[in-house]
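Colleague: Below are the structure tokens for one structure; questions will follow.
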Amino acid sequence: MNVDSYRFLPRSFRPLYEGRGAFPGEEGPVWAPLGKRLAEARVALLTSAGLFDRSSQEPFDLESERADPLWGDPSWRAISATAESSDLGVSHLHIDPDDLVADPEIALPRRALEWLVADRVVGHAAPNHISVMGYQDRSLPGWRDETAPRIVEQLRRDEVDAVVLAPA
């Protein structure tokens, strides 16, 4: 399946984001060795689909993004591994939410992770998974200085060994 990240954007935005490449010094992949066997590791999921728990969390800020289409909400949400799929909402202007509302597993594959745990491929699923809203400002200062360190704090509190990125 091809994913057109620009489908829900005005065509004039395409040149601003398409084919820009990596920032200087960030050309290589992000890599950190896993300090233990996967079968012993606690794994969390991180989605960029803008999922939030409607029963306990505010949606991501779409109004500010509508006012400034080059801005993206840099906040994040911890999604409990036990949250009901029916409680998950989607707030993201650049993806069609209908399929995600029908089946949040598309963007946050908690069942698949639990199957891997049951099959002893993965040691444990984390108690919380992370949701962010993709489509961020290319300079990413808020992400580097605020969002990423807070997400790392949450992952450390949850004793997470590895994170699987589930982009929307």
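Read-outs throughout are calculated quantities, based only on the coordinates presented, and are distinct from any laboratory measurement. Keep in mind it's a predicted model, so treat the numbers as computed, not measured. All Cβ positions, even for glycine, are placed from backbone atoms using ideal geometry, and neighbour counts span all protein chains on display.
Colleague: Let me spell out the model: positive unit charges on the Cβ of Lys and Arg, negative unit charges on the Cβ of Asp and Glu, origin at the Cα centre of the range 36-166. What dipole size does that give, in debye rounded to 20? If you can, show how the numbers build up before the last one.
Modeller: Numbers: 14 positive and 24 negative charges, 134 e Å.
That gives the range 36-166 a dipole magnitude of about 640 debye.
Colleague: Would you mind computing the Rg to Rh ratio of the range 42-168 from its alpha-carbon coordinates, Kirkwood style for Rh?
Modeller: Values: Rg = 14.4 Å, Rh = 14.9 Å.
Computed over Cα atoms, the ratio is 0.97.
Colleague: In the range 118-148, whose amide N lies under 17 Å from the spot 7 Å out along Cα-to-Cβ of Gln154? List them in ranges.
Modeller: Within reach of a label on Gln154: 125-136, 142-148.
Colleague: With r as the distance between the Cβ atoms of Asp61 and Arg111 and R0 = 25 Å, compute the FRET efficiency 1/(1 + (r/R0)^6) and round to 0.05.
Modeller: Working: r = 29 Å, r/R0 = 1.17.
After rounding to 0.05, the efficiency reads 0.30.
Colleague: Name the residue farthest towards the positive end of the dipole of the range 36-166 from the options Leu116, Gln57, Ile106, assuming +1 on Cβ of Lys and Arg, -1 on Cβ of Asp and Glu, about the Cα centre.
Modeller: Leu116
Colleague: Now for a separate question. Please compute the contact order of the range 36-166 in relative form: average sequence separation of alpha-carbon pairs under 8 Å and at least six residues apart, divided by the residue count, as a percent.
Modeller: Result for the range 36-166 is 45 percent.
Colleague: Okay, next question. When the chain is fully extended, how far beyond the present Cα-Cα distance does Leu38 get from Arg144, taking 0.36 nm per residue of separation? The partial results should precede the final answer.
Modeller: Working: separation 106, 0.36 × 106 = 38.16 nm, distance 2.75 nm.
Length gained, Leu38 through Arg144: 35.4 nm.
Colleague: Select from the range 22-76 those trypsin sites (Lys or Arg not before Pro) which occupy a DSSP coil region and have at most 12 other Cβ atoms within 10 Å, ordered by residue number. Before the final figure, lay out the partial values.
Modeller: Values: sites: Lys36, Arg37, Arg42, Arg54, Arg66; in loops: Lys36, Arg37, Arg54.
Loop-located and lightly packed - Lys36, Arg37.
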